[in-house]
Amino acid sequence: MRRLLFALVCFAVFGLLSTPAVYADEVTAIRRPTVAILPVINNSGQKRTQYLAEEINEALYAKFSPDRYLVLDGQALQDLLRRQGIEDIGSTDSRTLNLTLRAMGVDYSVKAEVHSVITRQRVYFPDVFLLMKTWTATVPVTFSVTNVSSGAPAYEGYFAEYAKIDFIIGFADRNHAIRLALDKVLEKFSQELIYLE
């Protein structure tokens, strides 16, 4: 009888010890913050620069990876917002957007905006038979993360980087300089420490 009682006590103790570990894993999975990555706003003022939004989106997805966050983005996010009556995120005031995102269970919203990109070109003759062109570009980008429930900023960053590139005339393109400057911006952003709970 004592052996049976001892076996039951051991079974109960081991059962109780194993249960919290499973529960902790489930709680950790549930407590991942939900992050809405809003469409990138391109106010660069430059034509044919859709790649700016694409490259910034990639950087945001890398920063807010699915192993740490539940990410809402792209068409799925826009469809959810349309169902809530928001057609254009860019023209919606931040209070209305935050209330809508909160109703969707979002913890943080992430926004990136490309500001006016300045490009310049210069043609020069390094020697009699060679005609060269230099393109320069300055690319300013802001990144912000907002706590949806309080409306307070969790992170704000502004980066403006300059790049210069030389080509033989006829092969020069402002987009090469813009991409180089954007790469510098995204490199700096990737090094930023952003902690969301």
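These residues, SER65, SER91, SER44, go from largest to smallest accessible area, 1.4 Å probe, as SER91, SER65, SER44.
Work out the length of the dipole vector of the stretch 100-175 about its Cα centre, built from +1 on the beta-carbon of each Lys and Arg and -1 on the beta-carbon of each Asp and Glu, and round it to the nearest 20 debye.
So the magnitude is around 160 debye.
With a 1.4 Å probe rolled over the protein heavy atoms of all chains, the accessible area of GLU113, GLU58 falls in the order GLU58, GLU113, largest first. How big, in percent, is the set of alpha carbon pairs in the stretch 38-108 lying more than 15 Å apart? Tail fraction, whole percent: 60. Straight Cα distances below 19 angstrom link LYS184 to the aspartates and glutamates GLU54, GLU55, GLU58, GLU113, GLU156, GLU161, ASP166, ASP173, GLU192, with same-chain residues fewer than 8 positions distant left out.
Size of the stretch 129-181: Rg and Dmax of its alpha carbons, in Å, are 17.9, 64.
Kirkwood-type hydrodynamic radius, the stretch 42-197: 17.6 Å, calculated from all non-identical alpha-carbon pairs.
Computed over Cα pairs, the Kirkwood radius of the stretch 94-179 leads via Stokes-Einstein (0.890 mPa s, 25 °C) to a diffusion coefficient of 156 µm² per second.
Label-to-label distance, LEU99 versus THR134, with points set 7 angstrom from Cα along the beta-carbon direction: 5.4 nm. Over the stretch 132-196, accessible surface divided per residue gives 50 Å², non-protein components excluded, 1.4 Å probe.
The values are calculated or read from the model by the stated rules, or taken from the named source; none is laboratory data. Quantities reported herein were computed from a predicted structural model and do not represent experimental measurements. Cβ atoms come from the backbone with ideal geometry, glycine included; neighbour counts cover every protein chain shown. With ligands, DNA and RNA removed, areas are computed over all heavy atoms of the protein, side chains included. Shrake-Rupley method; radii C 1.70, N 1.55, O 1.52, S 1.80 Å.
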